[in-house]
Amino acid sequence: MKLSLIIPCYNEEEALPTFYAAVCKTLEELQEYQAEILFVDDGSTDKTLFLVKAYAERDPRVKYLSFSRNFGKEAAMYAGFCNVTGDYAAVMDADMQDPPELLKQMLEILEGGEYDSVATRRVTRKGEPKIRSFFARGFYKLMGKISDVDLVDGARDFRLMNRKMIDAVVQMSETNRFSKGIFGWIGFKTYWLEYENVQRVAGESKWSFWKLLRYSMEGITNFSDAPLKISSWSGLFFTFASLVALLVVFIRALCFGDPVAGWPSTVCIILFVGGIQLFCLGMLGQYVSKIFRETKKRPIYIVSEKNIDRK
Ligand code: UDP
Ligand code: MG
């Protein structure tokens with residue numbers, strides 16, 4: 001059986017040597033598997049690619065793909081899935097936050113034949129900024145309510161899957177990618193393995209707060225149409241509310257006459273409704289821009305260098 005590891009790397013020169021050593025050590029314990037380590041260099045501007053090439057020269061198990069620019073982790077993972085040849089494949093971060101030691105246990109579970117994938121989730125968010133944990137938790141709660149996929153709080157992208165599942169992920173060739181949602185959407189039987197959060201060994205997280213916020217918006221608009229429903233319902237609500245208000249004003253004018261007044265309140269109401277209209281229009285725009293990007297059918301990533309000959 002062949003095991004493929006997919007490692008998206010973006011400016012990971014500091015963490016890469018530790019990671020590579022740890023993976024080699026783990027693979028030594030998994031001698032019964034033929035291995036393939038696919039580094040996907042996501043347009044790094046440091047020595048990442050140089051390091052990877054050096055590993056590839058010494059180690060025939062090391063394969064690499066290098067993108068023409070930074071396409072993001074989602075694109076890097078997809079490139080990995082498209083290019084691995086293993087019977088099993090796992091995505092792993094290059095910063096040791098996905099402990100390679102877990103692979104052994106994950107393989108054992110898959111070999112049992114009952115599950116198609118083994119996913120990991122952090123049970124703690126130790127070492128993460130408090131505000132980040134707070135918003136992350138909120139996001140998972142919200143997604144659970146409004147989307148058509150089940151997202152697990154603390155789920156990582158680190159997950160080992162069998163060929164059936166890899167092929168299914170490859171089929172999901174959408175431009176707007178949100179892997180956590182995609183893994184959930186394609187189904188299959190998943191075993192959840194829990195572990196304590198591990199901090200990155202070197203370098204810095206590539207995710208700023210705003211980048212994460214944008215990513216969560218991506219998740220919502222990719223897997224839920226709740227925002228569209230909210231705008232329809234709020235539209236309906238305001239229509240009814242205004243009808244009732246109209247009736248009240250009309251009757252009051254008939255009974256008590258109509259002294260010209262209420263200019264400030266009128267302006268407030270106009271501004272309020274205008275604001276809501278723009279907000280709803282903006283939400284609609286989010287979906288339209290998704291359609292726009294999707295219809296252009298641009299490639300998800302562009303490779304500039306590689307040492308494998310698949311697409
Ligand atoms: N990564 C990538 N492209 C990007 C950003 C990140 O390939 O544009 C890789 C990065 O090299 C790492 C993994 O994705 O291997 C996770 O990134 P990071 O550790 O910064 O994220 P965090 O663990 O903080 O969520
Ligand atoms: Mg990390």
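Do you know which residues across the range 169-197 are without any contact (Cβ under 8 Å) to a residue 24 or more places away in the chain, closer than 20 Å to Pro299 by Cα and either surrounded by fewer than 14 Cβ atoms within 10 Å (Cβ to Cβ) or touching a Ser or Thr at 6+ places or on another chain (Cβ under 6 Å) (or both)? Full working, then the answer.
Residues of the range 169-197 that are without any contact (Cβ under 8 Å) to a residue 24 or more places away in the chain, as a first pass: 171-172, 182, 186-187.
With the extra rule that they be closer than 20 Å to Pro299 by Cα, the set shrinks to 171-172, 182.
The answer is Gln171, and nothing else.
For the range 1-50, give me each residue that is under 25 Å from Val303 (Cα atoms) and more than 27 Å from the chain's Cα centre (by Cα).
Keep residues of the range 1-50 that are under 25 Å from Val303 (Cα atoms), which gives 2-17, 19-20, 23, 35-50.
Residue satisfying the conditions is Phe50 alone.
From the residues in the range 204-213 that are farther than 23 Å from Val149 by Cα and not charged (D, E, K, R), which one is nearest to ligand 2 (Cβ to nearest atom)?
Step one: of the range 204-213, the residues farther than 23 Å from Val149 by Cα are 204-210.
Add one more test, that the residue is not charged (D, E, K, R), and what stays is 205, 207-210.
Details: Ser205: 6, Trp207: 8, Ser208: 13, Phe209: 15, Trp210: 17 Å.
Taking the candidates together, the pick is Ser205.
Of all residues in the range 198-213, which are surrounded by 11 or more Cβ atoms within 10 Å (Cβ to Cβ), part of a helix (DSSP H, G or I) and not aliphatic (A, V, I, L, M)?
Phe209, Lys211 - these are the residues of the range 198-213 that are surrounded by 11 or more Cβ atoms within 10 Å (Cβ to Cβ), part of a helix (DSSP H, G or I) and not aliphatic (A, V, I, L, M).
Can you tell me which residue in the range 32-59 is surrounded by the fewest Cβ atoms within 10 Å (Cβ to Cβ), limited to those that are hydroxyl-bearing (Ser, Thr, Tyr) and within 19 Å of Ala79 (Cβ to Cβ)? Don't jump to the end; show me each part of the working.
So the first thing to find is which residues in the range 32-59 are hydroxyl-bearing (Ser, Thr, Tyr), and the list is 33, 44-45, 48, 55.
Of the ones still in play, those that are also within 19 Å of Ala79 (Cβ to Cβ) are 44-45, 48, 55.
Details: Ser44: 20, Thr45: 11, Thr48: 24, Tyr55: 18.
Of everything passing the filter in the range 32-59, Thr45 is surrounded by the fewest Cβ atoms within 10 Å (Cβ to Cβ).
Output the number of the condition that Arg137 fails; it satisfies all remaining conditions of (1) touching a residue at least 60 places away in the same chain (Cβ under 8 Å); (2) within 16 Å of ligand 1 (Cβ to nearest atom); (3) surrounded by fewer than 15 Cβ atoms within 10 Å (Cβ to Cβ); (4) in a helix (DSSP H, G or I).
Of the numbered conditions (1) touching a residue at least 60 places away in the same chain (Cβ under 8 Å); (2) within 16 Å of ligand 1 (Cβ to nearest atom); (3) surrounded by fewer than 15 Cβ atoms within 10 Å (Cβ to Cβ); (4) in a helix (DSSP H, G or I), the odd one out for Arg137 is (1).
So which residues in the range 70-103 are among the basic types (Lys, Arg) and touching a Ser or Thr at 6+ places or on another chain (Cβ under 7 Å), if there are any at all? Before you say what the answer is, go through the steps one by one.
The initial filter retains those residues of the range 70-103 that are among the basic types (Lys, Arg), namely 73.
Once the filter is applied, which keeps residues that are among the basic types (Lys, Arg) and touching a Ser or Thr at 6+ places or on another chain (Cβ under 7 Å), the range 70-103 yields nothing.
For (1) of a type in the set (Asp, Glu); (2) touching a Gly at 6+ places or on another chain (Cβ under 9 Å); (3) within 22 Å of Leu213 (Cβ to Cβ), each residue gets a yes or a no:
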{"position": "Tyr140", "(1), (2), (3)": "no, yes, yes"}
{"position": "Val149", "(1), (2), (3)": "no, yes, yes"}
{"position": "Asp153", "(1), (2), (3)": "yes, yes, yes"}
{"position": "Arg156", "(1), (2), (3)": "no, no, yes"}
{"position": "Met161", "(1), (2), (3)": "no, no, no"}
{"position": "Asp167", "(1), (2), (3)": "yes, no, no"}
{"position": "Met172", "(1), (2), (3)": "no, no, no"}
{"position": "Arg177", "(1), (2), (3)": "no, yes, yes"}
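Would you confirm whether or not the range 151-166 contains a residue that is away from ligand 1 (no atom under 15 Å from the Cβ), modelled with pLDDT of 85 or more and closer than 24 Å to Pro227 by Cβ?
no
Spot the failing condition for Ala76; the list is (1) in a strand (DSSP E or B); (2) near ligand 1 (Cβ under 9 Å from one of its atoms); (3) not polar (S, T, N, Q), and only one is missed.
(1)
State yes or no: is Leu281 of a type in the set (A, V, I, L, M, F, W, C) and either over 26 Å from Phe178 (Cβ atoms) or touching a residue at least 24 places away in the same chain (Cβ under 8 Å) (or both)? First the steps, then the outcome.
On the way: of a type in the set (A, V, I, L, M, F, W, C): yes; either over 26 Å from Phe178 (Cβ atoms) or touching a residue at least 24 places away in the same chain (Cβ under 8 Å) (or both): no.
So Leu281 does not fit the description; no.
Filter the range 101-134 down to residues that are surrounded by 15 or more Cβ atoms within 10 Å (Cβ to Cβ), farther than 22 Å from Leu5 by Cβ and more than 20 Å from the chain's Cα centre (by Cα), then give me how many there are.
Within the range 101-134, residues that are surrounded by 15 or more Cβ atoms within 10 Å (Cβ to Cβ), farther than 22 Å from Leu5 by Cβ and more than 20 Å from the chain's Cα centre (by Cα) number 0.
Restricting attention to the range 159-203, and to residues there that are within 16 Å of ligand 2 (Cβ to nearest atom) and of a type in the set (D, E, K, R), which single residue is nearest to the chain's Cα centre (by Cα)? Give the derivation first.
Taking the range 159-203 as the starting set, the residues that turn out to be within 16 Å of ligand 2 (Cβ to nearest atom) are 159, 179-180, 195-203.
Right, trim to of a type in the set (D, E, K, R) and you get 159, 180, 196, 200.
Working: Arg159: 13, Lys180: 5, Glu196: 20, Arg200: 19 Å.
The selected residue is Lys180.
Please find, among Asp93, Asp148, Asp153, Asp98, the residue that is out of contact with any Lys or Arg (no Cβ under 9 Å at 6 or more places or on another chain), acidic (Asp, Glu) and not in a strand (DSSP E or B).
Working: Asp93 fails: out of contact with any Lys or Arg (no Cβ under 9 Å at 6 or more places or on another chain); Asp153 fails: out of contact with any Lys or Arg (no Cβ under 9 Å at 6 or more places or on another chain); Asp98 fails: out of contact with any Lys or Arg (no Cβ under 9 Å at 6 or more places or on another chain).
The match here is Asp148.
Quick one: in the range 1-55, of everything that is small (Gly, Ala, Ser) and either in a loop (DSSP other than H, G, I, E, B) or in contact with a Gly (Cβ under 9 Å, 6 or more places away or on another chain) (or both), which residue is nearest to Ala202 (Cα to Cα)? If you could, list the steps in order and put the result at the bottom.
First pass over the range 1-55, keeping only residues small (Gly, Ala, Ser): 4, 15, 21-22, 35, 43-44, 54.
Subset that is either in a loop (DSSP other than H, G, I, E, B) or in contact with a Gly (Cβ under 9 Å, 6 or more places away or on another chain) (or both): 4, 15, 35, 43-44.
Working: Ser4: 24, Ala15: 5, Ala35: 25, Gly43: 19, Ser44: 16 Å.
Taking the candidates together, the pick is Ala15.
What do you reckon, is Asp116 more than 14 Å from Pro8 (Cα to Cα) and either within 16 Å of ligand 1 (Cβ to nearest atom) or among the aromatic types (Phe, Trp, Tyr) (or both)? If you could, list the steps in order and put the result at the bottom.
Values: more than 14 Å from Pro8 (Cα to Cα): yes; either within 16 Å of ligand 1 (Cβ to nearest atom) or among the aromatic types (Phe, Trp, Tyr) (or both): no.
For Asp116, the condition - more than 14 Å from Pro8 (Cα to Cα) and either within 16 Å of ligand 1 (Cβ to nearest atom) or among the aromatic types (Phe, Trp, Tyr) (or both) - is not met.
The values are calculated or read from the model by the stated rules, or taken from the named source; none is laboratory data. Computed from a prediction, not measured in an experiment: that's the story for all the values here. Note: ideal-geometry Cβ built from the backbone for every residue, glycine included; neighbour counts use all protein chains shown.
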